[in-house]
Structures are given as C-alpha cells and as structure tokens.
Amino acid sequence: MSLPLPALRHNLDFMPSPSPDHPGLFIRDPFHFSDAMLIIPPVLVECLQCFDGRQTDLDLRAALVRVTNDLDVSDIQQHLVQTLSDAGFLEDENFQRIEEQRRGEFAASSIREAAHAGAAYPAEPGPLRETLERYLADGSEETEAAAAPDGLFAIAAPHVSPEGGWQSYRAAYRMLRPEYRDRTFVILGTSHYGEPERFGMTRKNFATPLGEAHSDQRLVDWLAARGGPAVAMEDYCHSFEHTVEFQVIFLQHVLGPDVRILPILCGSFAHSLYNGGNPEDTDRVKGFLEALGELNDREGDRLFWILGVDMAHMGARYGDRFEAAANEGLMSQVGARDEARIERINASDPAGFWELVRENRDDLKWCGSAPFYTFLKAAPKSRGKLLQYEQWNIDQQSVVSFAGMSFSRG
C-alpha cells in the first residue's frame, strides 16, 4: 500500500534561482537548521506540489511521468525524495534529528556566536573596525553638530545590511556618549521568524569579531520570571537572527567590546493586525509589556534602549506586483506614509501609531512595528526625533525604508 510522502517544510525560503547558468527554484532554510541550498530544475518544480503530506509516491511518479514524458522515472523519483530529505527540507525523521541537534547545540552553548560575520560585515577585528569607522566618520561634522540632547535614553537604528543603511546607523550611533557605557542596553529587535505575540530572550553573551558583549543575566532572569507566557526563553531564533547582532557590533565599536546587553526579539503582533484592537488585548502580550514597563520604571537611567528596526518593504521581492525605485513613483507615497507613522512614534502615541499600522493590514510591511510599539508602551512619554530617513533599493525591483532616530525622556 502506498503511503503519503513527507510534507515539504512550510517555513523554507523559495525564490527564483540567482544563477543564470542554473535556472529553477532556489530553496534554503532561513532557520539554519540546515545549511543546504538547492536549485530544483524548472521541469521538476511542479512535482514539489506532491510533497503536501497527503499525496503518495504513486502521485509523484505520475507527475514525473507527465513532466518528463518518460515511463522510467524511478531513479529521478528516488533522487528527488532523497535530496530533499538529506537537505532537511522535508517533515521527516531526518529533519527531526537535525532540528533537535541544532536546538540542543544552541541551548548548550554558553555564548551566541556571530552568525553574519564574513557575510554582512568583515569577520576579522581589524577590517571590521576600519569598516565601522568609515561608516560612522563620513559626514561627522554634520552629525556631531546634532549630538545627543539632554535626557537621551534610546535610539532606533536599522537592521538592514550596514552597507546599505550606514547613514542611518551613523545618525543613531553618533548620538552615544562615553558616559552611557556602564548602562545595560535593552536591544529590541525584530524577530523575523519567531512566533507571533512572543518575545525571544537569551542569557547568552554575544560573541563578535570585536569581543564578547555580556548579557545582563540579572535583568534577563527578572524579566523572564515576570514576563509570563509571552517569553520564549533561550529562543533558538537568536542563533541566526541579525537584528540584534548588527546593533551589538555598532555598540561595541562605539563603547567597547564588553558592553552589557538585554537582547529581546519581538515577534509580530499578528493577532491584532488581522483581527483589530491593540497588541495588549492579547493577555500574554499585555503581561510582558507591563513587566517591561516596570523594568523601565525601576531601572531608569541604568538602562539605554536600542531599537533594531526597518520600516517599509516594497516591490517584487516582497510580493508586490510592481517594481519599486527608492524615492520615485509609488515610493514617494510610501515615504509620506512612513512619515505619518514616524510622527506618531515621535509623539509617543502608541495607539495612533498602531492605528496607522493596521491600515490595509500593514500593506507597507513594516517589520519594525512590534519593537516600536513595545518600546512606546514600555517607555511612555518619550520625545522622539527623526535624525535620518532613507529608502534603499535592496535589489533592482525592491526597496526597504529605514531611519535613525533618538528619544529623550519627556
């Protein structure tokens, strides 16, 4: 009797092959359970529909015969199934083993290793320092003239590639002064792959080419205990997510490698976005926001807040049926809508900000909405200031917007 084929994992990345010499469908694992990357030839792409957990090897055989016009497809069938399984792309025993091993390795490690060194930024200390110095030094006279206002206690910087967003990183991180060095930096980053309405935390120190940033375990433990069921402790997403890591390397460069951090990944507030209301209408979100607000009240100026946030994501890469060009055409309208949201953030108006986010179920696709809202609820009555706003073509058809911002106590 024929049995159902294992399902293709639903949380993989699928995109057209980036190689003209190897056309087809490119597949990779954004969770880094598997490091494999596959290109499925065009003729076989249709056959992936058979891996839905319901269809059988007979259905796959029939599909292969149809697309190849060949009755002898046994070798192709076996190779396709085996390749997907070996890559860890199927919901089968092999993937369960890979997942358990990766989660166990992260849980057992005492540090969070740099996941993006050598790709998004240099892996050696010297070249990394030179790169960061170049990013922060360009236009320094203009930036220093607008240096930190009294009562500064938070900045927002992008989490886009530093190469693309260096001017906004510079605008934010040039605000930091040496006297902030002894504070604990609460880093609110976007969790691109974590569960909605959850906050990912870890006790692990963050290792980078510049050294080791120390997790403030006292505050981590307090917030984990008080944050309730919204807390995902030792969240595996920390092992590969870039939104906190990029902030750490800038912090280390400006204030020293052994800065003290409280890293928090903010999952999307999907329930509120799609069902109406505010994020705290969900009990577990409400409990965490109240705990974070209590932490802010209790610790005061012993904390400094860092938001690792991007804004709009528009164009073909993000599912839109148009090609986006930074600051041109439709992106001019996006800029105006971004500005309206930034105004609500600067006015410390979380309800007004979220009302704008909910419009059309956030068709601007702001991936930084949850960290922004979390900050506004935890640290109310702040005074925000826009330092730099940018739109960047991440590819020829797609644009990301982001900004550098500062916040002073009201």
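The values are calculated or read from the model by the stated rules, or taken from the named source; none is laboratory data. Computed from a predicted structure; not experimentally measured. Neighbour counts run over all protein chains shown; Cβ positions are idealised from the backbone, glycine included. The accessibility values were calculated without ligands, DNA or RNA, using every heavy atom of the protein model including side chains. Shrake-Rupley method; radii C 1.70, N 1.55, O 1.52, S 1.80 Å.
Considered as a group, the residues in the range 270-288 that are in contact (Cβ under 8 Å) with a residue 60 or more places away in the chain and more than 23 Å from Leu364 (Cβ to Cβ) include one that is most open to solvent (accessible area, probe 1.4 Å), and that residue is Arg284.
Starting from residues that are in a loop (DSSP other than H, G, I, E, B) and open to solvent by 40 Å² or more (accessible area, probe 1.4 Å), keep the ones in the range 116-138 and report whichever is nearest to Phe51 (Cα to Cα). The extreme case among them is Ala119.
Given the structure, is Val259 closer than 18 Å to Ala154 by Cβ and surrounded by 18 or more Cβ atoms within 10 Å (Cβ to Cβ)? Yes: the conditions hold for Val259.
Evaluating Ala63 against the criteria (1) surrounded by fewer than 19 Cβ atoms within 10 Å (Cβ to Cβ); (2) in a helix (DSSP H, G or I); (3) among the aliphatic types (A, V, I, L, M); (4) over 31 Å from the mean Cα position of the chain (by Cα) leaves one unmet condition, (1). Applying the criterion of being surrounded by fewer than 16 Cβ atoms within 10 Å (Cβ to Cβ) and β-branched (Val, Ile, Thr) to the residues of the range 68-84, the residue that is farthest from the chain's Cα centre (by Cα) is Thr68.
Determine whether Ala87 is within 27 Å of the chain's Cα centre (by Cα) and open to solvent by 30 Å² or more (accessible area, probe 1.4 Å). No: the conditions fail for Ala87. So is Glu212 more than 23 Å from Phe372 (Cα to Cα) and either open to solvent by 10 Å² or more (accessible area, probe 1.4 Å) or among the aromatic types (Phe, Trp, Tyr) (or both) or not? Yes; evaluated as a whole, the condition is true for this residue.
Every condition in (1) over 30 Å from Cys237 (Cβ atoms); (2) surrounded by fewer than 18 Cβ atoms within 10 Å (Cβ to Cβ) is met by Arg103 except one, and the failing one is (1). If you check Leu44, Leu48 for being surrounded by 11 or more Cβ atoms within 10 Å (Cβ to Cβ), at pLDDT 95 or above and touching a strand residue (DSSP E or B) at 6+ places or on another chain (Cβ under 7 Å), only one passes: Leu48. In the range 340-358, the qualifying residues are those that are over 22 Å from the mean Cα position of the chain (by Cα) and either under 27 Å from Asp150 (Cβ atoms) or among the acidic types (Asp, Glu) (or both), and the one that is surrounded by the most Cβ atoms within 10 Å (Cβ to Cβ) is Arg344.
Output the residues belonging to the range 320-339 that are touching a residue at least 40 places away in the same chain (Cβ under 8 Å) and either of a type in the set (S, T, N, Q) or open to solvent by 60 Å² or more (accessible area, probe 1.4 Å) (or both). Answer for the range 320-339, where residues must be touching a residue at least 40 places away in the same chain (Cβ under 8 Å) and either of a type in the set (S, T, N, Q) or open to solvent by 60 Å² or more (accessible area, probe 1.4 Å) (or both): Glu323, Asn327, Glu339.
Selection of the range 190-203 for residues being buried (at least 21 other Cβ atoms within 10 Å of the Cβ) and farther than 15 Å from Val231 by Cβ yields only Thr190.
Scan the range 345-395 for residues that are farther than 21 Å from Asp297 by Cα, in a loop (DSSP other than H, G, I, E, B) and in contact with a Gly (Cβ under 9 Å, 6 or more places away or on another chain) and jot them down. Hits for the range 345-395 are Lys365, Gly368. Of all residue pairs spaced 6 or more apart or on separate chains, those with beta-carbon atoms under 9 Å, a first member in the range 289-310 that is surrounded by fewer than 15 Cβ atoms within 10 Å (Cβ to Cβ) and part of a helix (DSSP H, G or I) and a second member that is modelled with pLDDT under 95 and of a type outside the set (A, V, I, L, M, F, W, C) are Asp301/Arg409.
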